[in-house]
Amino acid sequence: MSPGQAEATIDSRSTSPRILIAEDEAIVASDLAAALTEFGYAVPATVATGEDTIERARALRPDLVLMDIRLQGAVDGIQAASSLREEHDIPVIYLTAHSDDDTLRRAMQTEPVGYLVKPFSMPQLRCAIEIALHRRAIGARLRERQQWLASTLRSVGDAVARSQGPAVESEHRVAERIADLEAANRELENFTCGIAKDLRAPLQGIDGLSQSLIEDHAANLGPEGLHTLRQVRETAGRMRRVIDDLLLLSIDDLLLLSAVRKTEPRKHAVDLSRIAKDAIARLRESTPQRSVKAIIENDVRVDGDAALLRIALENLLRNAWASTEGVEHARVEFGAIDRDGERICLVRDNGAGFDMKHGNPLSVACRHLDSGNPFEVKGLGLAIVQRVISKHGGRIWAEGAIGRGATFYFTLD
């Protein structure tokens, strides 16, 4: 360990976001580490050189790096950030006293998730960190959706090719269609990410400045002024959630919803337990850093359309998986119960949950953006699920509580 570098002992079971600090002034680094710890983050190490930043990030794989631009050694903060982005896609927030045009131009080329000019307030730093971590989580879910779409389309292509035997020209058209759809998905992702980036910067400023006014000038504002500023912060928060949902409105959701609307079920015996196990296996592959206990009841069989029911069950399990992110001892379950002679299937998690006073989240799948509902439907997933169950003559409903998870039940005719 080189001079100026410190390392903390972190409980490997901790679910707190892990933030590496790259700062060559020991007192500043120590103060930052103390503040982050107080905020509930984990600080696995502080480093003073660009070389150490790259080395420790490679070993620790933090969720975020707070990076001073002027560091000791031959590698400065911008060079270190570029390396982290290329090798591990680790997001960086610059904390620097430099805001000249040349430094800004170099820094922007590394696509940081934040740039704070010293001196800054701790509330401003915390806002920047929370936005950066949330953006990273959204990016991970987008990549998961894209991988799932590509896998699904390739499976369809393989099935068509097998059904056509050695017919190369059928197979060629399917491959071209897959390529077109993947390109469309990337184009939509780039477009929505660009919009989100443009909108987040002023929102961050509004939120940070409002919090600073509340903390530094509360005595001069009076009760009415404080109430107004808190409303401003709440409104900015709702706007951020709208942006997050925009990012998750991807082409695969639209394609699936359209396909489900046009498809009439072809019913036969379907092993839902097998579908659930396959879905969980893919979720583990796409998020290897997560530890989620999956409980899948064996031999849950129903009569229905296998392809449509796979779409519905995968959406419910993916939603449950995402809802447990950051939850200690995360758990996702699939099973079935018999009640009054009716077979009821269920997907349960111990994640974020939702407030029952806002009603069934399935009934507000297309209008949740205008509500204050903390349970936010991501994309059109639940609308697709509802359509599949409806086509089978069944019904679907949900139960949950904030911070205590959710359970989705469904029946089939």
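The values are calculated or read from the model by the stated rules, or taken from the named source; none is laboratory data. None of the values given here were measured: they were computed from a predicted structure. As a convention, Cβ positions derive from the backbone with ideal geometry for all residues, glycine included, and neighbour counts pool all protein chains shown.
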Give all pairs with beta carbons closer than 7 Å in which a residue from the range 283-295 that is within 13 Å of R348 (Cβ to Cβ) meets a residue that is among the aliphatic types (A, V, I, L, M) and in a loop (DSSP other than H, G, I, E, B); count only pairs at least 6 apart in sequence or on separate chains. V292/A330; K293/A330
Identify all residues within the range 304-358 that are farther than 21 Å from A137 by Cβ and among the polar types (S, T, N, Q); write none if there are none. none
Taking the range 296-332 on its own, how many of its residues are in a helix (DSSP H, G or I) and free of Cβ contacts under 8 Å to residues at least 60 places away in the same chain? 6
Within the range 84-95, can one find any residue that is more than 22 Å from C127 (Cβ to Cβ), in contact with a strand residue (DSSP E or B) (Cβ under 6 Å, 6 or more places away or on another chain) and assigned to a strand (DSSP E or B)? no
Are any of the residues in the range 31-46 closer than 26 Å to Q109 by Cα and β-branched (V, I, T)? yes
Among the listed residues L226, L256, L248, L308, identify the single one that is modelled with pLDDT under 90 and surrounded by fewer than 19 Cβ atoms within 10 Å (Cβ to Cβ). L226
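Of everything in the range 362-401 that's of a type in the set (S, T, Y) and part of a helix (DSSP H, G or I), which residue is modelled with the lowest pLDDT?
So the residue we want is S363.
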Number of the exception - A276 against (1) part of a helix (DSSP H, G or I); (2) modelled with pLDDT under 90; (3) surrounded by 14 or more Cβ atoms within 10 Å (Cβ to Cβ): (2)
Residue, surrounded by the fewest Cβ atoms within 10 Å (Cβ to Cβ), within the range 283-294, restricted to residues that are touching a helix residue (DSSP H, G or I) at 6+ places or on another chain (Cβ under 7 Å) and assigned to a helix (DSSP H, G or I): S286
If you check I21 against the conditions, is it of a type outside the set (K, R), assigned to a helix (DSSP H, G or I) and modelled with pLDDT of 90 or more? no
Here are A97, A179, A183, A81: which of them is within 30 Å of D216 (Cα to Cα), among the small types (G, A, S) and either exposed (fewer than 12 other Cβ atoms within 10 Å of the Cβ) or modelled with pLDDT of 85 or more (or both)? A97
